[in-house]
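The values are calculated or read from the model by the stated rules, or taken from the named source; none is laboratory data. Please read these numbers as outputs of a predicted model, since none were measured by experiment. Cβ: placed from backbone, ideal geometry, glycine included. Neighbour counts: every protein chain shown.
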Amino acid sequence: METKNDFGRRLWLFSLGLVIGSVVVYFSVFKNRNIYKSPQEVIIEKLLKYPSTVKQEAKNNMDALHLKGEDIRKILEQGDVEFSNSEVHRKPCPIYFIRNTDESVKVQSIRFELCDSTSCLINITP
């Protein structure tokens, strides 16, 4: 009889330690991370966070379409990253294709090159 009771006590203590340890690890390791972000949210966050440059072709398109930096930011915030049209495995800087979903901006899509700590607007498709 004592072996069954001893086994039950050990199992209960093991379970209790596992739960307490899992809680401690979760709050110490994942405290400042949002582990529920989609890949699209991560890319958009990086594009908005990093300093941006604009290539001449994109600058010419911006001038022709009378776009401002706020319009590009609005496209980034409300647009969708299309990974099928992006070059995500390009080294060293992948290129991301962002489709505009905002009807107030007369642009279909934009392309950004995302490097380690900078981003570059490559092209604007009217």
Quiz item: Can T118 be described as in contact (Cβ under 8 Å) with a residue 40 or more places away in the chain, surrounded by fewer than 13 Cβ atoms within 10 Å (Cβ to Cβ) and hydroxyl-bearing (S, T, Y)?
Solution: yes
Self-check item: Subset of the range 73-89 (residues that are exposed (fewer than 13 other Cβ atoms within 10 Å of the Cβ) and within 16 Å of L121 (Cα to Cα))
Solution: E77
Quiz prompt | Where P51 falls short, out of the listed (1) in contact (Cβ under 8 Å) with a residue 12 or more places away in the chain; (2) under 13 Å from L114 (Cα atoms); (3) surrounded by 13 or more Cβ atoms within 10 Å (Cβ to Cβ); (4) not basic (K, R) | solution = (3)
Exercise. Have a look at L121, L114 and point out the one that is at pLDDT below 90, closer than 15 Å to P39 by Cβ and of a type outside the set (G, A, S).
Key: L114
Exercise. Being of a type in the set (A, V, I, L, M) and part of a loop (DSSP other than H, G, I, E, B) is the filter; apply it to the range 90-111 and report the residue that is surrounded by the fewest Cβ atoms within 10 Å (Cβ to Cβ).
Key: V105
